[in-house]
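What follows is one structure encoded as structure tokens, with my remarks underneath.
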Amino acid sequence: MKTGLVRQNHPVLRQKAKTVTVFDAKLRLLAIKMHYLMKAKDGIGLAACQVGKSIRFIIVSAPADSFDVPKTVYMVNPELTYKSEEVVDSVEGCLSIPGVFYRVQRHKIISVKYQDVYGVEKFLVGDGLFSLVVQHECQHNEGILMSDLGVPA
């Protein structure tokens, strides 16, 4: 299974990702490959569509300010279940749009329900960088890019 980054104009980035229903060794291998690629590119988040797979799967490796979240979280079928009314300005980049940054408004605090790579349901609440990255990656699952939401920084 070859795994490389797709760039901004690739059609998979505009597709609404499919729900994952099979939690097997192939999914776990994809998780390992995506994690390695994300770290090799100095990223803190990555969605499966960014490696050409139109499935609802993201990796987040960013800390929260006020909540205890794991260092790296593999989220299958993530769903935002709460978004605070309070928003924050975020200047963010994207591994699929290298060297370009956008100013985007994001919810300050979010909660997310997801499954791990074995299909076990999990739930996290977070703020800070964790919240921003989860929102960014979840929008990839909907075919939305940061350039759709913000202005160049």
Quiz item: Pairs under 6 Å by beta carbon, first residue closer than 25 Å to LEU149 by Cβ in the stretch 106-135, partner among the small types (Gly, Ala, Ser) and surrounded by fewer than 16 Cβ atoms within 10 Å (Cβ to Cβ), six or more apart or different chains?
Solution: HIS107/SER84; LYS108/SER84; ILE109/SER84; ASP127/SER66
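Any chance you could count how many residues in the stretch 1-47 are without any contact (Cβ under 8 Å) to a residue 40 or more places away in the chain and among the basic types (Lys, Arg)?
5
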Quiz prompt | Residue in the stretch 75-117 that is nearest to ASN141 (Cα to Cα), counting only those that are polar (S, T, N, Q) and surrounded by 14 or more Cβ atoms within 10 Å (Cβ to Cβ) | solution = ASN77
Self-check item: Filter result (assigned to a loop (DSSP other than H, G, I, E, B) and more than 15 Å from ILE144 (Cβ to Cβ)) within the stretch 93-105
Solution: LEU95
Exercise. Determine which single condition ASP148 fails, assuming it passes every other condition in (1) of a type in the set (Asp, Glu); (2) in a strand (DSSP E or B); (3) under 26 Å from GLY4 (Cβ atoms).
Key: (2)
Quiz item: Quick one: which of VAL51, VAL12 is touching a Ser or Thr at 6+ places or on another chain (Cβ under 7 Å) and crowded, with 20+ Cβ neighbours inside 10 Å?
Solution: VAL51
Quiz item: If you go through the stretch 62-73 one residue at a time, do you hit one that is in a strand (DSSP E or B) and of a type outside the set (Lys, Arg)?
Solution: yes
Practice problem: Report yes if some residue within the stretch 83-105 is touching a Gly at 6+ places or on another chain (Cβ under 6 Å) and β-branched (Val, Ile, Thr); otherwise report no. | Solution: yes
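Bear in mind that the values in this text are calculations on the coordinates, not laboratory data. What you see is a predicted model, and the numbers here were worked out from it, not measured in a lab. Virtual Cβ from ideal backbone geometry, glycine too; neighbours counted across all protein chains shown.
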